Structures are given as structure tokens and as C-alpha cells.
1. Among the residues in the range B:389-396, are any closer than 25 Å to residue A:230 by Cα, touching a strand residue (DSSP E or B) at 6+ places or on another chain (Cβ under 6 Å), free of Cβ contacts under 8 Å to residues at least 24 places away in the same chain and within 12 Å of chain A (Cβ to nearest Cβ)?
2. State whether one or more residues within the range A:246-258 are surrounded by fewer than 21 Cβ atoms within 10 Å (Cβ to Cβ), out of contact with any strand residue (DSSP E or B) (no Cβ under 7 Å at 6 or more places or on another chain) and at pLDDT 90 or above.
3. Across the range B:416-434, what is the number of residues that are in contact (Cβ under 8 Å) with a residue 24 or more places away in the chain and either crowded, with 21+ Cβ neighbours inside 10 Å or within 14 Å of chain A (Cβ to nearest Cβ) (or both)?
4. Take the conditions within 14 Å of another protein chain (Cβ to nearest Cβ) and either farther than 30 Å from residue B:503 by Cβ or surrounded by 22 or more Cβ atoms within 10 Å (Cβ to Cβ) (or both) and apply them to residue B:413. Does it pass?
5. Of the residues that make up the range B:280-289, is at least one touching a helix residue (DSSP H, G or I) at 6+ places or on another chain (Cβ under 9 Å) and within 30 Å of residue B:452 (Cα to Cα)?
6. Suppose we filter the range B:833-886 for residues that are assigned to a strand (DSSP E or B) and within 11 Å of chain A (Cβ to nearest Cβ); how many remain?
7. Take residue B:209 and decide whether it is closer than 23 Å to residue B:539 by Cβ and either in contact with a helix residue (DSSP H, G or I) (Cβ under 6 Å, 6 or more places away or on another chain) or not assigned by TED's automatic domain parsing to the domain that holds residue B:731 (or both).
8. Checking the condition under 30 Å from residue B:665 (Cα atoms) and free of Cβ contacts under 8 Å to residues at least 12 places away in the same chain, which residue from A:268, A:252, A:303 passes?
């Protein structure tokens, strides 16, 4: 900081000296071409600048030069703004614009404004670099809460229709949640098998894939904002007073069926696109938390994924006096690179392994310390936040999550 | 009917026939110890060395009067008697190997042609059973099993059961006959429709035969368990016959008190006998209280039985008449309740009560004259049951659930169930059974061979007067129920009519004795609709047993008798009422699923189809038994070995079928929730017509059960000094189950918002082969001086194996949503949807699983005190065991055995 201030003073002194050295009587030279280089954060991919305007205000004359559109030339990850025939002098420069980009594969957007004051442009010093530093575009969507335990009725019956998962935009840019899918692991964290082939280091094996529908930019999520995805997006409290009103959920895991035994109430919230599910009955999360969950940006179309992202595994099953070579055919998989966030869920007394690669989640979290723990109801796993309210994501849910936290949407 | 008329006519003719009345000497040959008739004894004129005649089935003979004749009466197994004839004399033959005073505490192989085990009173006293199930330990292949009285007990003769209800024909096809009256289970409809919970399904005994828990053993004098080919007198069975004879007469007042680790039993009986009036009366009652777990009072089984048995005998010069009359009542109660501390709801309960009132009257006529008609018997029995299952459950739904109400086919709105309600479901069954049997035994006089011709007919009626499934569709316990309430009275009565004829021969010759039983039984169902394949069809069961006994031999100086026997017989079991007239199935499809915050605006519209799963092509289950046996008796040490093969290819099975149904799928996305003032109207809603495959179950004859094996029993004489007798029995069984009908399967995966729309058809699914080989070594010691009985039984299971029949992962064909059937192509395995029809079985699943040697040692002691008035007994099963760990594909399997013990007290006053 000190150095910064020192540099500032030097710049200001230099500027003052310049001003004093320049006589107002001298004819003002015109710089044929000045170039402002606009640097944007390096982690943005496919950045597209729009509505870009650069305003150069001559401090002495108050003359304003506005540069737009065609003058912005894409250069590598940044832009070059070309200004012609500027009078040499001291300028205040403001560049505003709108950036569309992809961040870790997720579409995002951000308006920005960068300023640079008292910039001296002369025939010898006519280029300058400006950096879009108003946002860092760090982070992205995270799973901020999973409520999988359900609630308990006053009579002691379990109720699981009120399960939900919350995903939050943990970055400082607006991100689009379209084509982000909620994935449930095909394997249980409580049953370890040596599957052949073992693809865990490259892929996540899933038994359910429900995707947020949209045209690519239908579901913007502001920085710090969340989406509530409810198993049933209805007001559960009318039927089960201890439950939750989820009628305002953003999306719903709706299971369309013609079988009246598996009627799924279709709340107001838009339905997730059910790409694949292992069962034709109503879908719900494992209420003891035996499956890991993840969110992924689906980078291919439904047809292609359904056709090509499926494999068969074999393993040795041992139970009591029974040990057999088994086949588990038809396991869908999602490449680990597509995964934005993942959480291993398990129960301490019966846990055997993690089913997400350690690069996605090196730890695990839980509700209930023993199997069928009756105290687990009404509890969630919730991601911790730092002092600024940002969710902590170190890819280790043991550290990042608060286990057995009161469900955030319950009136505790 | 023509047949029956013929039989009755010929009966009448024979009754009126009498043998010509020339001067004859009559006599009866009896066993000196048992006073039972000796059949087929040869009567020879000593002087002339000429065989005169043989004794008949009642031990009688008649020879021309000749005062000088000396008779030699001989029969295999008896010491020959030489005597002078006397008028109407009784000739007592002494067995070569005396069984006098012998206390037998094991089952004994029957000496007749039919392969069967006979269990007498002594054996039961020693075994200390709680219900009939416990007796099965004694038959070859049996082992002591801890009583499990919280679920029905079914009988499995010559079989290693899998418990799969698709192979229950074997237990359904075992007939239980008590004092001549069969226990009918043909109209048993006691199942909770739609049940998925263990509480209810584990107690479902429909189509599985007699629940042996309900049969009390205390009144039983003797039981004969026919494993082989029974007489054609007994029908409507495939696999076996259990004949129970209960005690008649006596003067005792008896009490029995038994307690073991799971149950308590109390029994009281009073026997009356008025010898002068030839009248007996037996009264008895018993009470059994069993718990699945002694610590849990909420799950239990209770049984109460009362029995009154009267017998009156009229002796006349020419005949005797016996009337037997029984009145029986038995009640049993299965109770299961959830623990209130665990569920917060005291209302969760299952209760199944069974009340059976039975009446039997049997009139027996025995001729004392030398007529062709030797005996005739009329049995009339009737039973009425009042059965009730009550299931109550606090239902708390986890999501909006609907109850289809419509009893009509077509479009209708479903009722949306409240989220919390008290569900109540009853099943009321009132099976009524009536049974009439008329038998006659005739003898055609013949001096060469002893013969009996048995002719008879029976008629059986089963009807159920109960209300069946009774529940309010607005508060169902089982929300996924696919049937609607139906009164069982609507189901037509099952009438079964049979007639039979059987010839019994015994032909003593100098090169041995030939015995044969050959008969045929015809059975048909009446009161069936014309479209049933069985309508008007007679099913014939020919059965033959033949035996040849070698002439007396001498081995180690001991009299030796060897008999070789064989038999072949067909057995037919008619389908039950439930199999013939299953509940209609209601298949509902959701056309509109509209949810609104306001419950009044919600609407679920259904298309309902009604499928009648009645299979008119259903036929009876038929079992063809073949067996050969050898019976060697050396000085009273007896070895009996039977090899058998029973093949039943038409066992009953629930098979699933798929069919295409059409319904409208309404698109509710256009409905504006805010502007609704009531349920959305269907009139303007856009829809698409969808074809959907839906499955339903249907009874077929697709189950094959093949039973093969060898049964053996070795009984020694009681060794003197140590007063101990050794019995070695056991069996090697190999049971093959198979399904001859194509099985269908629809994967449940959802691909792109819709369940996979294809159904795979797979050939010969669901088969398995099981083997077991066991030997029980029983040493029983009887010390009369100390009134002490003691037995140790080492029950060895040499091995058991099980192996699933290899099935193909690939379907042979598949059904597309439009109902069209396509052959499976190799390339289909890569299709996005069809790939799911390929199943996951791996070759290792079809490997043979073998469990090696295990042995349990059981001990039983009985002691008589106070002049035999008090009789105390105790047993400890699995007191010691040898069950080594073994290796199964790299995994060490440890086995654990827990002892089971009990004791009892019998008081006789």
C-alpha cells in the first residue's frame, strides 16, 4: 500500500511538472493514434464485449471524445480501443461496457466500468493499459445446502416430500443456471465395491440427472443469489404442519407418470428436465444421505448424453455366504470437468467410501451419526460462509459444510 | 355322471350277491400281538400238502368242511401254526421277530406297499411337539427346526423348498385328512389385496395349503405321512397325504403343560368309554400361546382347539355298524402390533383370526358274513370357517396420492387422499366346505389270492360366503391397491366330483409273495363356465404299487425278509377358488395431473380399464410319481430304501402379461392457475393419445417341480443290556424348479422424462436346482425299570447345494409400446432404449453354491413318576453342534447355532 501511495505521488509530481513545463502558448500537438488496451480477467472464456463506450475527457479543455463499437478490437483475451486524432493532454478515461463470457463453462455476464484519471497522452506516450478489476469472476455455482432428511410429523411419521437442494452463485458475476444438472451418485457411500472399470478419476457415475431447462440464458442468477430446487414445489405446511412452504421454489423435480400409484404433485415452479432416473416411481433424495450429490454443466445435448455417456461395470459382491461376480449395466456418467460442485454424503457408522473424485470433494458430510438416526430429521448440510458472506469451497466438504445444521427454510 | 351311475349300479349288484352256501369252516387269522388281521396267510392241508386258500383282507378264510384236516397257517414274517380247524376259530400267528412291548420313539416306515412314515403316540410324547409342524422332523429328510409360529407353516414333502410362492403347489397339493375328513383350503381367500408390508405378506397363506400350526398334536393317536403313491381313495393332491387318526376311548383325565423358548401350551382331555355299550366319548381342549420373540408381547400367535369325538358301535350277528361323530372347533389368532414407543401410533396393527367349526359323521358297515361286500363306509363332513383379517394403520402420506374410485371402465376423476387418515382394511372370509364320500370294499372269493376291490365316490364343495376385501376406498391402508372391494359370495361354488376303483391283491406263492394295488380315480370340476378348458373334462389318475417279497431267508441265523416294490401314479390337484376366480384388476392411467394451492381446484383425471385375470385355460396341477424301494428285515433289524422321481410340469404360477392400453395425456401447462374458479375443465385442454404397456398377473400352469431322491431308514432292534435302539434315517433330495412359460419384464428406468416403453420377453426364467443330503442318527434308550426314556439324535447335514438355472440376459423378443412384438436383434443391445432390456446376470450367479457339513446334536429325556401318573419330559435341540466355517469364493462364512429347549409335564388321572 505504501508503495502504491509513493508511486501515486511520483506520478502526480511528474504530472505537475509537465503541466508547468507546457506553455499554453505552444501549439497543441495532435496524436494520430492512441491505443487503450482493455484487459479483462484471465479466467473468462469466450468473452464478448458489448455496449462498450470509452469516454476520454480532456482535463484542460473539458472536451469529451467518445469511442464506441468498431473502435474496440478484440486482442487475445482483451480489447484494444483505438482513438484517432486526440489532442495531446491530460485525460480522464472511463470505459464502460457489458461482458458476456463463460466461466468454467457456465455462461455469465457483467457490466463494468473502469476509470483512469489524469492520464497524460502525448506523441511519445500515447498507449495505455486499463484493467477490468471491478470483479474477479472467481468461484461459480456451489451447492449451498442439501435438505435430504425430510421432516417428521407430529405423530412421528417421516415426511420426505419437502426435500430440497439450494445452489448459489458464489461469484461476483451474474451466471446463468441453464443446463446445470443436479446429479445423484449411482453408487452408495455406504457400499464400497471395486468396480471395473473404475472411472471415478475422470467421471461421476450417476443414477439421476435432472437439468435446469432453458435456452442458455434463461435463468440468470445474480452474484450471491440462489436457486431453490424442490422435490415437490408446493406448500407442504398445509398437510404437514412441521414442514416447509416450498411453493416459491425456483424449480421442481417433477416425475411425470401415468401410474396413479406414483402421482407426483406438479407445483407452480417450472419442472426440471428429467434426463435420466433409475426409477419410474417418484424420485426423492436418499433420506439418510447414502448418495453423493453434484451439480454439473451439461456440455452436450440430451440425445448425445443418453446415447453415449453410459457404461457397464462389474464387481465382486459379497454378502454373508454369497460372493458373486456381478454386473451393473447401464450406468450413466458425467465427466468430472463438467462438475461445478459436488458433495459426498454418508453416515459415519456405515460409511465405506467417497463416490466423488477427491478433486471434486475430498471429504464428506452428513446428517445423523448412526444409520437410521431418528434425530436427523429437520436437518440439512449447509456450506459455511466466510466473513464476507461468500461460501467456502475448498473441495472438501468435511471442512466446507456444517453437518446437521437446522434446515435453512424451516421455521426453526 | 355316466361313470358314477355305473359304479353305484355295480355296487348294488355286488351287495346282493352272496357266496354259495355250501358247508364251510370259517376262521380268522390274527397277529398274536396286535390282533390285527393277517392278510394273505396261506392255509394248507398238512396231510395232502395242498394249499387250500388264503386269508382275505380282514384275515378271514373259509374252507370246505372236513373234520380230519390239519391246517398249516403260514405267512411271511410269522411262525407257522399247525392246528386243527374249529368253527369260527381265531388263529393267532406269532411274529418271527417279536415287537411286543416295544416303545418306538421314531417314525416307522409303513409295512404296506405305499411309502409312508407312521408316527405313533409314543414318538410324539418323546418329541414334545407344539404343533403338527414339529412332527416332520421324524420323516426321512427331516431335521429339527426351531418352531416358527408367527407365520404359516406349510408342508414340503420330499422337497427343498425355496419359499417362492410360484412353487407352492407342492404344499397346496398335500392333503390333510383328520379321522377321514379332509381339511379343505380351496376357498381360502384370506390375503390383504395390495399389501406390500411384511406384517401382512409374510402371513399370507392363500394357495399354499394347510397351515400346520393350527393342527394340535395332543389328540393324535397316530399319523401316517404318505410320501409315495397313495391309494386312489385319496384325491385332490399332488405331493403327499397326511392321515391323522385321533384317540378314541379310554378312561383318563389328562393334562399337559409345555413350555419352550417361544411358546406355552396347555392341554386337557377327558376320555370316556362304556365298554358294555360300545360307546366312547373323548373331550379335549388345548391352548397355545407363541411369541415370535419372547421379549416382544406385541407379535404373537394363539391357538385354541376343542374337540368332541363320539363313537358308537353296534354289533350284530351278521355285521357291525360303527358311527363316528366329531365336532371340532379351532381358533387361531395372529397378532402383530407396532410398538407405540417406536411409531407414536398405537393403531398400527395386524390381526388375523381363523375360526373353524367342523362336523364329521362317518358310518361304517362291516360284514361278518361271507358276502362279497366286506365293508362300506359313508363319510359326511362339513366345515364352516369365519376368518377375518384386520389391518389398521395410521397413513401419513409423503406426497399427494390418489385413490381411484371408479368401478366402471372409462374416464373418471380420482379422489385425492388426505395426507393423514386412519386406514382400515378387512378381509372377511367364510369358507364353507362339504364333503361326502361313499366307499365299499368287496371281496371276490378266491382261494389263490387275497383280494379287495375298493369302489367309491366322493363329492366336495367349496364356497366362500365372506365379504372379501372390505375397505373404504377413501381411506385405504394400501394406496397402491389395484382391486376394488368384491363380495366373495359372487364367486360360484366349486364342486368337485370323483369316483375311483382299486384292486388290492396279495398272492402268496412258494417263490414269494406278490402284492399289488392298482387303481384309477377320475375327477372333474362341476359348476364351471363353458369357456373353461376344464369344463366337463375328467382327469384320470391311475396309480399302481407292486411288491414282491422273497421267501423267508436266513442270514446270520436270523430270519430275513426282503421285499422289492415299485410304483407309478398320477396325481391331480384342482385349482383353488382364488386361482379360478381371481379379483378383477383395475388398471388406471393418469390423464391429467393438475395441482393447485387450493385443494378444491386440484384435479386428477384417470382412464380406468378393467382386466379380468381369469385364465380359462387353467388346468389342474398334475404330478407323476415313480418309485422303487427295497425293504430288508434281518431278525427285526430293518432297512428300507426308496428311490423316487416325481415330475409335476403343470404347477400353478402367477405369470405377468403386458398389453397396450390407450389414454389421453392432457397438457395442463396452458391453465392459468390465478384465473381458476374451480377445477380445470377438460373440454378445452389439448391432449395427445398415448399408448402404454401395462402388466397384470394371471395364473398359469407354468411351474415345473421335479423331485428326485433317495430316502432311507435303518431301524435296529433294541440291543439288550444297554436297552438301546439305533435309528438311522435320512434322505438325499434333489429338487428342480423351472418355469416353462415366457417371463416378461419392463425396466423401470426413466429416459428423457418417460419410463422405458419396452417390455422384454425372456424364455425359461426363474429355475433352480437344490440338493440336500442328510442323516439322522438316533440312539434311544428305554429303561423300563427306571421308567426312563432317553434319546440322543445326531442330525448330520452332509451338504446342501443350490444353483440357479442359467438364463439368458437377452430377451428372445420384446413388445413395443403399440403392442407389436419384435424379435430381438443383436444390434438392439446398443439401442438407447432397448439396451435396458438386457439384464445384469453374470455367470457366477449360476454357479453351484455348496454349504458343507453341519451337525446338531439333540437330546430328549422322558421320565414317568407316581405310578405313571406324572410324566415329565424335556428336550434340548442343538445342545451341541459342529458347524465349521467354510470358504465360499474367497469369503469365510461363519455359522452360528443357538440351542432350543423346552420341557413339559403330563398328568394322567
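The values are calculated or read from the model by the stated rules, or taken from the named source; none is laboratory data. It should be emphasised that the depicted structure is a prediction, and the values quoted were computed from it without experimental measurement. Here Cβ is always computed from backbone atoms with ideal geometry, including for glycine, and neighbour counts include all displayed protein chains.
1. Let us first name the residues in the range B:389-396 that are closer than 25 Å to residue A:230 by Cα, namely B:395-396.
Checking the rest, the ones that are also touching a strand residue (DSSP E or B) at 6+ places or on another chain (Cβ under 6 Å) come to B:395-396.
Going one step further and asking which of them are free of Cβ contacts under 8 Å to residues at least 24 places away in the same chain, we end up with none.
Within the range B:389-396, none of the residues are closer than 25 Å to residue A:230 by Cα, touching a strand residue (DSSP E or B) at 6+ places or on another chain (Cβ under 6 Å), free of Cβ contacts under 8 Å to residues at least 24 places away in the same chain and within 12 Å of chain A (Cβ to nearest Cβ).
2. For the range A:246-258, residues surrounded by fewer than 21 Cβ atoms within 10 Å (Cβ to Cβ), out of contact with any strand residue (DSSP E or B) (no Cβ under 7 Å at 6 or more places or on another chain) and at pLDDT 90 or above: present.
3. As a first pass, look at the range B:416-434 and keep what is in contact (Cβ under 8 Å) with a residue 24 or more places away in the chain: B:416-417, B:420-434.
Adding the requirement that they be either crowded, with 21+ Cβ neighbours inside 10 Å or within 14 Å of chain A (Cβ to nearest Cβ) (or both) leaves B:416-417, B:420-423, B:425, B:427, B:429, B:431, B:433.
The number of residues fulfilling the criteria is 11.
4. Details: within 14 Å of another protein chain (Cβ to nearest Cβ): yes; either farther than 30 Å from residue B:503 by Cβ or surrounded by 22 or more Cβ atoms within 10 Å (Cβ to Cβ) (or both): yes.
It is true that residue B:413 is within 14 Å of another protein chain (Cβ to nearest Cβ) and either farther than 30 Å from residue B:503 by Cβ or surrounded by 22 or more Cβ atoms within 10 Å (Cβ to Cβ) (or both).
5. First, the residues of the range B:280-289 that are touching a helix residue (DSSP H, G or I) at 6+ places or on another chain (Cβ under 9 Å): B:288.
Now restrict to residues that are within 30 Å of residue B:452 (Cα to Cα): none.
No.
6. Here is the first cut: in the range B:833-886, the residues assigned to a strand (DSSP E or B) are B:849-851, B:854-865, B:870-882, B:886.
In the following step, the residues that additionally are within 11 Å of chain A (Cβ to nearest Cβ) were identified as B:849-851, B:886.
Number satisfying all stated conditions: 4.
7. Numbers: closer than 23 Å to residue B:539 by Cβ: yes; either in contact with a helix residue (DSSP H, G or I) (Cβ under 6 Å, 6 or more places away or on another chain) or not assigned by TED's automatic domain parsing to the domain that holds residue B:731 (or both): yes.
Against the criterion (closer than 23 Å to residue B:539 by Cβ and either in contact with a helix residue (DSSP H, G or I) (Cβ under 6 Å, 6 or more places away or on another chain) or not assigned by TED's automatic domain parsing to the domain that holds residue B:731 (or both)), residue B:209 qualifies.
8. Details: A:268 fails: free of Cβ contacts under 8 Å to residues at least 12 places away in the same chain; A:252 fails: free of Cβ contacts under 8 Å to residues at least 12 places away in the same chain.
After applying the criteria, what remains is A:303.
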